[in-house]
């Protein structure tokens, strides 16, 4: 069967890999000049199945709206009228309670741990080895008691799922990550998830694309998809500037732009772009900087070790599709990193990036079939695309092939939104 995969980020490429393994003729289409050029390019680098959880959490409504009023806040809202954003925010608010947080956290855990196992298998099979993989665990650090209370909810959900984790005191945090002994900020505790890791998704995407290209998978770069054409209950082709492309099945893995492409088909995909920023900083002293991945819950900034670099990513701006760079965001990220690790990093050589996270209001991705028999979705991964890409790629490839996925997809499809 010929399958068109729309999108050459890590999600689309992982889908293409599993379709190729099943013996399908695979064509990957992307508007960029190469793989991994958008959300996969400069994300925080965390491969964090234990940490995976929804942005919609108890107390987040007050926290988000309170922080958005502060000067230089990590969270910002556009005041311009936008019904898509308003509808998404209302759905998000409805999920910010303890019971829905528990349900959504467990759904995300299910796919994230499966995906981590798939990534390890894929890395060994392909093989893909040079992407700065580091299994140093994750420390989710809390600066306030209210943050620690939400951490307890996360720990409870993880324990129910059988995931190893431990709530740490401030002294225990510094014992796990000695470099935090130099921090200038208060830490009241942390949630330690020792099995998590980090890696460079852009490096991974490029190596995977090269592997697939050498084995017959076709790549059409610089090829924006402008429309999906249908006949009866099937997709007949996708339109590009170079003309129509036809296949037997089509997978939409276009991240933030998936909702815009499928909307004319009557598919309401509740995915909104949350803009984030990252900095990449060279390491000068390995002992003075983190080996683990650090999630600073107070500022919603994740710091990961990528070989001889540190990547810090965060912020959440609900401001549309712009990826313009704001100097004050770079300065804020530098301040956060310096407050935690004041020594050992070269802040005179900082690379700055902005990208969009395709976020669902409840947290889990949207996978699988649509009302069109040969059109499938692999969408809405939010800030967990790198963590979840291999698992969701395998799930969608299984569905295309007519095979039951290895994990339960309940709560991971469009059906939860009435689609």
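Please treat every number below as a calculation from the coordinates, not as lab data. As the structure is a computational prediction, the values presented were derived from the model and not from experiment. Don't worry about glycine lacking a Cβ; one is built from the backbone with ideal geometry, like all the others, and counts go over all protein chains shown.
Over what distance in Å are the Cα centres of region 106-157 and region 355-385 separated? Measuring centre to centre over Cα atoms gives 19 Å.
In this simple spin-label model, placing a label point 7 Å from the Cα along the Cα-to-Cβ direction at both residue 166 and residue 236 gives a separation of 6.3 nm.
Mind pulling the angle between the C-alpha long axis of helix 98-125 and the longest principal axis of the chain? Nearest 10 degrees, somewhere in 0 to 90. Between helix and principal axis, roughly 70 degrees. DSSP beta bridges fully contained in the chain are about 70 percent antiparallel.
Test of understanding: ordering 169, 293 by Cβ neighbours within 10 Å, fewest first, what list do you get? Write down the numbers at each step before the final one.
Details: 169 12, 293 28.
The order, fewest Cβ neighbours first, is 169, 293.
Overall size of region 114-202 from C-alpha positions, given as principal axis extents largest first: 45, 33, 21 Å. In terms of its alpha-carbon gyration tensor, the chain comes out prolate; a/c meets the 1.5 threshold, and the first ratio a/b outweighs b/c. Compute the Cα gyration tensor for region 198-251, then decide on rounded, prolate or oblate, letting a ≥ b ≥ c be the square roots of its eigenvalues: rounded whenever a/c is under 1.5, prolate when a/b is larger than b/c in the other cases, and oblate in all that remain. Note, shape of region 198-251 comes out prolate.
Helix 83-94 axis versus longest C-alpha principal axis of the chain: approximately 60°, rounded to the nearest ten. Between the helical axis of 145-160 and the longest alpha-carbon principal axis of the chain there is an angle of about 50 degrees. When the helices of the chain are scored as -39500 (n - 2.57) per DSSP H run of n ≥ 4 and the total is divided over every residue, the value at 222 nm lands at -10000 deg cm²/dmol. Ranked by the mean number of other Cβ atoms within 10 Å of their residues, highest first, the peptides 181-192, 122-133 fall in the order 181-192, 122-133.
Sort 372, 386, 83 so that the residue with the fewest other Cβ atoms within 10 Å of its own Cβ comes first and the one with the most comes last.
Lowest count first: 83, 372, 386.
By counting other Cβ atoms within 10 Å of each Cβ, how are 359, 315 ranked from fewest to most?
The order, fewest Cβ neighbours first, is 315, 359.
Across region 250-268, the residues whose backbone nitrogen lies under 16 Å from the label position 7 Å along the beta-carbon direction of residue 84 are 253-268. Classify region 280-356 as rounded, prolate or oblate from the Cα gyration tensor: take a ≥ b ≥ c as the square roots of its eigenvalues, call it rounded if a/c is under 1.5, otherwise prolate when a/b beats b/c and oblate if not. Prolate, because a/c is 1.5 or more and a/b exceeds b/c. Each peptide among 401-413, 41-53 gets the average number of other Cβ atoms lying within 10 Å of its residues, and from highest to lowest they stand as 41-53, 401-413. With contacts taken as Cα pairs under 8 Å at a separation of at least 6 residues, region 235-317 carries a relative contact order of 22 percent.
Per residue, the convex hull spanned by the alpha carbons of region 204-351 comes to 170 Å³.
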